Amino acid sequence: MVKLGNLLKDKNIIIMGVRNKWSIAWAIAEAAHREGASLVFTYQGEREKNDVAGLANELGGVDIFQLDVTSDDDIDRFFEEVKARYGVIHGLVHAIAYARAEDLRDSFINTSREGFALAMDISVYSLVAAGRKAAELMTEGGSIVTLTYMGSEKVMPGYNVMGLAKAALEAGVRYMANDLGPSGVRVNAISAGAVKTLSAKGIKDFGSILRHTKENAPLRKNIEPKEIGDTAVFLLSDMSGGITGEILHADCGINIMGV
């Protein structure tokens, strides 16, 4: 019988996207740490380094590495460093997404070509590029988990180009699951409900989304970051060993509602 507190014991897991205590990635990190995982955090540049280092220290000294996901050379360097230090990894959490503020404030139809390409590169291709290298180090099998949102399925005013990026991300999950399955690597996504994060502040009328969920979701509440963290632990652990290519909704059920 698997005991809580040991679901990720002896597993090396990379978490990309930890920025602050309000980020979903941090909630996943806390849950994975609780379950015994050995964690690795990434940060984009010097501006983020101190914040990520502070969070790493709160979990007892997690290793942190610089990683620019828009650079193939940087991705190669990062995974070489991880290989040298850990040899094998068992999990990768991809919690990275970005779109220009102006492309979220304006109507979707006015999305710029440059903004569209940037959102797809950082929010989608980074999963492909990082997942490809991570899978090479998952010699004992492994799990790749990314984050998506219901704006991939339905029009969410203000989500704009990120909705398309998340739709592409979900398609990527399925194709990657097929490619990596024979190697024992699973790929899944969590479609998380709306959460108050710093990134969410860029979405127009975000407060109304929270109110609508609380009033209409079957559980009559908004999802809590801790609940998303626990969902990620399930997908990273051997308990989900038969699940791949799935988009698992953790949103208090709001996705099933017609209105």
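The values are calculated or read from the model by the stated rules, or taken from the named source; none is laboratory data. Because the structure is a prediction, the values reported are computed rather than measured. Here Cβ is always computed from backbone atoms with ideal geometry, including for glycine, and neighbour counts include all displayed protein chains. We work out accessible area using only protein heavy atoms, side chains counted, and drop any ligands, DNA or RNA first. Shrake-Rupley method; radii C 1.70, N 1.55, O 1.52, S 1.80 Å.
Structure summary
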read-out: Hits in the stretch 134-148 (condition: in contact (Cβ under 8 Å) with a residue 60 or more places away in the chain and assigned to a strand (DSSP E or B)); value: 143, 145, 147, 148
read-out: Members of the stretch 99-115 that are surrounded by fewer than 17 Cβ atoms within 10 Å (Cβ to Cβ), within 28 Å of residue 42 (Cα to Cα) and in contact (Cβ under 8 Å) with a residue 24 or more places away in the chain; value: 101
read-out: Single unsatisfied condition, residue 64 versus (1) open to solvent by 30 Å² or more (accessible area, probe 1.4 Å); (2) in a helix (DSSP H, G or I); (3) among the β-branched types (Val, Ile, Thr); value: (2)
read-out: Residues that are surrounded by 18 or more Cβ atoms within 10 Å (Cβ to Cβ), hydrophobic (A, V, I, L, M, F, W, C) and part of a loop (DSSP other than H, G, I, E, B), drawn from the stretch 221-246; value: 223
read-out: Matching residues in the stretch 32-51 - criterion: being within 21 Å of residue 131 (Cβ to Cβ) and buried (at least 21 other Cβ atoms within 10 Å of the Cβ); value: 32, 37, 39, 40, 41, 42, 43
read-out: Output for the stretch 71-88, where each listed residue is open to solvent by 70 Å² or more (accessible area, probe 1.4 Å) and either of a type in the set (Asp, Glu) or closer than 19 Å to residue 124 by Cα (or both); value: 72, 73, 80, 81
read-out: Breaking point among (1) buried (at least 18 other Cβ atoms within 10 Å of the Cβ); (2) within 23 Å of residue 244 (Cα to Cα), for residue 118; value: (2)
read-out: Candidates 78, 41, filtered to the one that is of a type outside the set (A, V, I, L, M) and assigned to a strand (DSSP E or B); value: 41
read-out: Checking residue 27 against (1) more than 22 Å from residue 83 (Cβ to Cβ); (2) open to solvent by 50 Å² or more (accessible area, probe 1.4 Å); (3) at pLDDT 95 or above, the condition it does not meet; value: (2)
read-out: Verdict on residue 258 being open to solvent by 20 Å² or more (accessible area, probe 1.4 Å) and part of a loop (DSSP other than H, G, I, E, B); value: yes
read-out: Among (1) at negative phi; (2) crowded, with 20+ Cβ neighbours inside 10 Å - the single one residue 252 does not satisfy; value: (1)
read-out: So residue 172, is it within 15 Å of the chain's Cα centre (by Cα) and of a type outside the set (Phe, Trp, Tyr); value: yes
